[in-house]
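Working notes, structure below.
Just so it is clear, none of the values below were taken in a lab; they were calculated from the coordinates. Note that the coordinates shown come from a computational prediction; the quantities given were computed from them, not determined experimentally. As a convention, Cβ positions derive from the backbone with ideal geometry for all residues, glycine included, and neighbour counts pool all protein chains shown.
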Amino acid sequence: MLKKFILAAPIAAMLSVPSVHANDDTVRVGINLTLSTPASILGLNSKAGFEVALKHLGGKVAGKKIELIFEDNQFKPAIGKQKSEKLVKKDKVHFLTGFIFSHILAASAPVGLKAGKFVISSNAGHSMFAGKKCHKNFFNSAWENTQTPMAVGQMLNNEGVKKLYILAPNYAAGKQMITGLTRTFKGKVVTKALTPMSQRDWSSDLSKIKAAKPDGVFVFYPGAWGPAFFTQYAQAGLHKTIPLYNAFSIDGANLPIFQKRNMTHLLGTMNANFWAPDLDTPANKRFVPAFKKHYKGQFPAHYAAQAYDALMLIAAGVRAAKGDLSNKDAIRKGMEEADFESVRGKIKFGKNHFPIQNFYARKVVNKNGQWQLSKVGDAVLKNHAPTNSAECKL
Amino acid sequence: MDYVLLAEQFFNGFQLGILLFLVAAGLTLIFGIMDLVNLAHGTLYMFGAFFAATFVQLTDSLVFGMILTLPTMLVTGIILELGVLRTLYERDHLDQVLATFGLIIFFNELFLIVWGAGGTGINLPSYLIGTSELPGGISVPDYRIVIIISGLLVALLLYLLVSKTRIGMLIRAGASNREMVSALGINIKLLFTLVFGLGAVLAGFAGMIITPITQAESGMGEGMLILAFVVIVIGGIGSIKGAFIAAILTGLIDTMGRSFIDVALMSFMDSVAAETAGPAISSMLVYILMAVVLAIKPSGLFPPKGA
């Protein structure tokens, strides 16, 4: 009996802990990111973006304090879902945001939406949320997965690439990248190689590239794949003859690593993105130096830029509702209007709540001894909306 | 058929085989002699990679850094054996799997904290960057030739150690009949410690020589571990010779499959279907090989005598 009581007491105590977040003088923002495992290099950049936005808002909106609650999903959809449930039920957040990876977002978004919360993806651009699965309370402050590779495809046309060799890891995002790229690229695709996710040695692919003699190689190798692939590309001597293009493989998060390892063959390589650190907008001019000051002197990656906009978007919604967090319709209307200065200029949302925006070509340059991505010329895609937007019945 | 590509892919497959052998040799000894299922063998591979990268950066010399790595691996292996694994010999395989799996998680996160999410790496000195032209228009990166030669040298040394020395005799005896060796008054505990240390050095050597190519990242050992288990099962658990032949076979089949299966499929399928099926089938090939070998020879190609 005593034993049972000893076991039961702490459980009862846990159940009876009153919610620590009962008062609504605070806007609580739950942020679900990948903050451990090698993939955390992206999540940590994003986290810093949220923190800079909080600083620029002065920690307040419409007279209410903003509280950021970060959770680590450990790069696992199931843990991500648990963390979302914790944020929604225990922390009683008003907004659920973050999400770097599409498959983790897909598992988590329903948790927030079913509880009537606003869900804002600050990176993951799973195509289904722009189309059939769009939702009145779902927003995306980044892009839809196929848009960026579509911009790369257009950039390759402009660069005069006629024969292209494509490499991507064999999973959902890898396939969506190839779908987007081949939608706009007009030349011939010699090979679409889907490599195993565990692959770290590309020797057989590099031999095949050499034999195929394309005008360009396109890769989608984010995170830990990139450094290994780019190293081997140079070791095989291919960088001298075949230019390398990418989507989401070289950015502010990994450029410091490439520079430290002196991978000079990456200087001059191109990718495309909706944003660049030197994009000439008033908000970007405030954001970039503040981020560098906040985060190890590094340039922000787009992960941070989108996170910054996600919190600014939330603030715009709360401001429009004059701080009344129970007035969901007013908040939603405010977010749709997005009356704030985004790092990309003004955000214009489609009815699926994905931005309609420009995409730019970017090149790796060495500016004052620090490697960074610099915008090249005018937008390659102008006012571009996700291709499947029409499938959204909102 | 493009013979230059074929020859280059053969070379690539051989190099993968050499690397697999280095990891599998230690695994097969530890499993075969000590009857220990060591899932953390891939962690030792990761240790080798990070130690080598750190030493190379500190000494600013590839050769010195790599020379320092090997004794460090021996010490690491011995510490792990004395501290953790020694307590597991009397337990059943499930306990061993659980404990060594715990080691994997612990060290992956520890390395992440120490070296950061971006990992680390080794930059090759300029004399090793570049490609060599072989007869017939075949060109291969210089450093991959270094891997093959050094891997073959280690294999030769291991062969001499196992077949020509007293320690080697004990190792072979241990693989064949563990109880008899200890009944004959051999200090089996010491032998186990040495075997584990040797396995750690071999795995560390593999992680070390591949780091200039793949870079070092937390969790890098797990993919290698699975292939190494396939290799030792094909080769016969406890057999160094079996591990060598099975490793080369696995390396060649894996590389050749990935290079040519989509082309082969395209001859009778449309290209979209072949592009989808190609990666799926090629990643299955080594497991199919394992299944076939197990069906014909259940204890592997070269099981140690008496086992």
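Numbers below:
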read-out: Net length gained if the chain between residue A:264 and residue A:186 were fully extended (0.36 nm per residue, minus Cα distance); value: 25.1 nm
read-out: Placed amide H near residue A:342: partners under 5 Å, 5+ positions off or other chain; value: A:347
read-out: Test item: A:231-244 mean partner chain Cβ contacts at 10 Å; value: 3
read-out: Percentage of interatomic Cα-Cα distances in the stretch B:7-217 larger than 32 Å; value: 22 percent
read-out: For the stretch A:86-91, 3J(HN,Hα) per residue [Karplus equation, 6.51 cos²θ - 1.76 cosθ + 1.60, θ = phi - 60°, Hz, x = Gly/Pro]; value: 4, 5, 6, 8, 8, 7
read-out: FRET efficiency estimate (nearest 0.05) - Cβ-Cβ, residue B:226 to residue A:179, R0 25 angstrom; value: 0.25
read-out: Cβ-based exposure ranking for A:36, A:198, in which fewest neighbours within 10 Å come first; value: A:198, A:36
read-out: For the stretch B:116-195, Kirkwood radius (reciprocal of mean inverse C-alpha pair distance, Å); value: 16.5 Å
read-out: Per-residue Cβ neighbour rank within 10 angstrom, fewest leading, B:66, A:128; value: A:128, B:66
read-out: Label point distance in nm, residue B:82-residue A:389, each placed 7 Å from Cα along Cα→Cβ; value: 6.8 nm
read-out: Difference of contour (0.36 nm per residue) and Cα-Cα distance, residue B:186 to residue B:241; value: 17.4 nm
read-out: Ellipticity estimate at 222 nm from DSSP helix runs (n ≥ 4, -39,500 (n - 2.57)) divided over chain A, nearest 500; value: -12000 deg cm²/dmol
read-out: Nonlocal amide H pairs with residue B:216, under 5 Å, H built at 1.01 Å; value: B:120, B:121, B:122
read-out: Dimensionless Rg/Rh of the protein assembly as shown - Kirkwood Rh, Rg from C-alpha atoms; value: 1.01
read-out: Value of [θ]222 nm, deg cm²/dmol, for chain B, DSSP H segments ≥ 4, -39500 (n - 2.57) each, nearest 500; value: -26000 deg cm²/dmol
read-out: Chain A: most fluctuating residue of A:189, A:88, A:111 per GNM, C-alpha cutoff 10 Å; value: A:189
read-out: Share of pairwise Cα separations in the stretch A:158-229, more than 14 Å, in percent; value: 58 percent
read-out: Within a Gaussian network of chain B (alpha carbon springs, distance under 10 Å), most fluctuating of B:227, B:68, B:19; value: B:68
read-out: Cα-based convex hull, chain A, per residue volume (Å³, whole number); value: 152 Å³
read-out: Karplus-derived 3J(HN,Hα), 6.51/-1.76/1.60, for each residue of the stretch A:249-264, Hz, glycine and proline x; value: 10, 10, 8, x, 6, 9, 4, x, 5, 4, 5, 4, 8, 6, 8, 5
read-out: Selection from B:250, B:225, B:303, by position along the positive dipole direction of the stretch B:197-304 (Cβ); value: B:303
read-out: Residue A:381 long-range amide H proximity, modeled H, under 5 Å; value: A:359
read-out: Cβ charges +1 (Lys, Arg) and -1 (Asp, Glu), total dipole of chain A, debye; value: 360 debye
read-out: Trypsin sites (Lys or Arg not before Pro) within the stretch A:125-187: DSSP coil, no more than 14 neighbouring Cβ in 10 Å; value: A:132, A:136, A:162, A:186
read-out: The stretch A:63-90-the stretch A:206-240 distance, computed between alpha-carbon centres (Å); value: 38 Å
read-out: Cα centre as origin, Lys/Arg/Asp/Glu Cβ charges: the stretch B:7-217 dipole, Debye; value: 580 debye
read-out: For the stretch A:325-345 versus the stretch A:131-189, the gap between their alpha-carbon centres in whole angstrom; value: 28 Å
read-out: Paramagnetic reach from residue A:57 (point 7 Å along Cα→Cβ, amide N under 15 Å) across the stretch A:87-124; value: A:93-98, A:118-122
read-out: Part-to-part distance (alpha-carbon centres) for the stretch B:262-307 and the stretch B:36-51, which is given in Å; value: 26 Å
read-out: Under 18 Å from residue A:367, Cα to Cα: aspartates and glutamates that are on another chain or at least 8 residues apart; value: A:251, A:278, A:280
read-out: Of A:30, A:116, A:226, the one that fluctuates the most in a GNM where chain A has Cα springs shorter than 10 Å; value: A:116
read-out: Calculated FRET value between residue A:333 and residue A:78, using beta carbons and R₀ = 30 Å, to 0.05; value: 0.30
read-out: Integer Hz, Karplus 6.51/-1.76/1.60 couplings in order for the stretch A:141-158, x for Gly and Pro; value: 9, 10, 5, 9, 3, 7, 5, 5, x, 4, 5, 4, x, 5, 4, 5, 4, 5
read-out: Residue A:85 versus residue B:91: modelled label distance in nm, points set 7 Å from Cα along the beta carbon direction; value: 3.0 nm
